[in-house]
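Data block below; observations after.
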Amino acid sequence: MARQKVNSSKSKRRKRKAAYDSPWKVSVQRLFPHFLEFFFPEIHELIDWTRPYKFMAQELEQISAGIEGETSLNQSRRGYNRGTQLPVRVDLLVEVFFKDGRTGRILLHIEVQNDRDPWLEERLFIYHYRIFDKLRDDVITLVLLTDFDADWRPSQYVRERAGCRVTLSFPARKLMDYNLEELAKSRNPFAFIAQAHVKARATRDDDNKRYDLRLALHEAVETSGLKKREVLLVTRFIEEVMLLPEELDRELFVERVARKEGKKMEFHTYAERVGERRGRRKGKIEGTIETKRDGILKLLEMRFGNISERVQAAIGSLANQSALDELFRFAFKCRSLKAFESRLLKDYAAANAS
């Protein structure tokens with residue numbers, strides 16, 4: 001029995017808008033070797049992983065200053081001058097060393113591009129020569145295209161005039177080219193991240209389908225054999241790009257916990273679940289204060305790992321159901337355990353003062 005498809009305007013208003021740039025940046029930075037191994041294995045093989053790699057955010061910021069607002073040789077002004085919305089992308093500069101015995105470092109300029117950008121090739125060329133000009137090291141430009149325009153496949157920048165020719169060719173991967181069935185067989189964290197991105201784009205207007213796909217993807221990650229840290233990072237990516245209305249987000253979490261504990265859940269259609277949520281909003285609140293506290297702790301453990309005794313004690317001190325509901329919602333959207341703890345301690349202090 002399939003869930004009913006519901007696309008009410010109210011649901012659309014309550015849906016949070018997914019941002020792809022931050023989840024990609026965090027994932028690439030914290031799972032960098034896996035990123036190269038999955039998307040650019042030929043580069044991964046060249047790197048000496050016994051030596052530390054380093055992200056050079058400050059250097060890249062200095063190099064990129066002013067590039068977006070500059071005049072292009074192709075047009076009088078860029079299509080995205082200062083003050084207008086930029087195409088969504090992630091830029092990273094990483095210092096690595098190769099296994100070829102040379103002592104010099106290699107600089108990897110990595111771009112994850114989520115939207116078609118007519119100026120991409122030119123901009124990559126400018127970044128490439130500016131990085132070399134400032135730092136005087138070998139530069140390799142790598143591009144991951146996460147858009148869904150099958151006809152857009154940039155791979156080089158060429159400019160020629162009167163016999164003078166400049167060319168920059170760069171390895172580029174297109175996320176939409178990866179087969180979902182093949183991705184499901186891989187145990188690289190970025191195979192799951194790629195699936196989440198593709199499925200998020202495919203279900204932008206269908207919360208019901210997204211609920212099912214996200215639940216299945218969570219279960220695949222949790223049974224994949226990935227390290228705990230990897231599971232947490234991939235789970236966070238899935239949560240941030242496959243966003244659901246808050247009520248469905250909470251319901252999905254409850255179902256995940258129930259399945260993890262081996263409990264059989266009674267099936268409800270989407271419409272029935274909406275009715276149940278309306279009933280709860282009218283005061284038919286199910287569950288005790290203890291189960292609400294337990295739900296918050298399980299959610300935090302699922303997202304961030306072990307929870308300190310101080311946090312457990314503070315949650316245990318709260319007895320107001322509305323406050324616990326608000327705290328549960330915040331546990332879904334907070335970006336770190338530190339942010340959650342800061343909010344929790346304020347609630348804890350307020351509860352003790354009253």
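The values are calculated or read from the model by the stated rules, or taken from the named source; none is laboratory data. Only a predicted model underlies this, so the values are computations on that prediction, with no experimental measurement involved. In this analysis, Cβ positions are derived from the backbone assuming ideal geometry, glycine residues included, and neighbour counts consider all displayed protein chains.
Numbers for the structure displayed
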{"read-out": "Failed item, numbered, when Leu142 is tested on (1) surrounded by 18 or more Cβ atoms within 10 Å (Cβ to Cβ); (2) out of contact with any Phe, Trp or Tyr (no Cβ under 6 Å at 6 or more places or on another chain); (3) closer than 20 Å to Gln58 by Cα; (4) not small (Gly, Ala, Ser)", "value": "(2)"}
{"read-out": "In region 48-73, residue modelled with the lowest pLDDT [restricted to those that are in a helix (DSSP H, G or I) and aliphatic (A, V, I, L, M)]", "value": "Ile63"}
{"read-out": "Residue in region 104-115 that is touching a residue at least 60 places away in the same chain (Cβ under 8 Å), under 20 Å from Phe40 (Cα atoms) and in a loop (DSSP other than H, G, I, E, B) present", "value": "yes"}
{"read-out": "Selected residue (only one of Ala150, Ala184 is more than 26 Å from Val231 (Cα to Cα) and within 25 Å of the chain's Cα centre (by Cα))", "value": "Ala150"}
{"read-out": "Sole residue being at pLDDT 95 or above, hydroxyl-bearing (Ser, Thr, Tyr), outside any loop (DSSP other than H, G, I, E, B) and over 23 Å from Arg123 (Cα atoms), chosen from Ser11, Ser27", "value": "Ser27"}
{"read-out": "Residue within region 237-246 that is surrounded by fewer than 18 Cβ atoms within 10 Å (Cβ to Cβ) and not assigned by TED's automatic domain parsing to the domain that holds Gln29 present", "value": "yes"}
{"read-out": "Residue match in region 119-136 (condition: under 23 Å from Pro23 (Cβ atoms) and assigned to a strand (DSSP E or B))", "value": "no"}
{"read-out": "Condition met for Glu42 (over 26 Å from Arg250 (Cβ atoms) and either modelled with pLDDT under 55 or not assigned by TED's automatic domain parsing to the domain that holds Val166 (or both))", "value": "no"}
{"read-out": "From the options Leu297, Leu324, residue that is within 28 Å of the chain's Cα centre (by Cα), over 23 Å from Lys228 (Cβ atoms), surrounded by 15 or more Cβ atoms within 10 Å (Cβ to Cβ) and at pLDDT 80 or above", "value": "Leu324"}
{"read-out": "Residue check for Tyr20: surrounded by 14 or more Cβ atoms within 10 Å (Cβ to Cβ) and modelled with pLDDT under 95", "value": "yes"}
{"read-out": "Within region 159-184, tally of residues that are without any contact (Cβ under 8 Å) to a residue 40 or more places away in the chain and in contact with a helix residue (DSSP H, G or I) (Cβ under 8 Å, 6 or more places away or on another chain)", "value": "6"}
{"read-out": "Among residues of region 109-139, those that are within 20 Å of Leu36 (Cβ to Cβ) and crowded, with 17+ Cβ neighbours inside 10 Å, counted", "value": "11"}
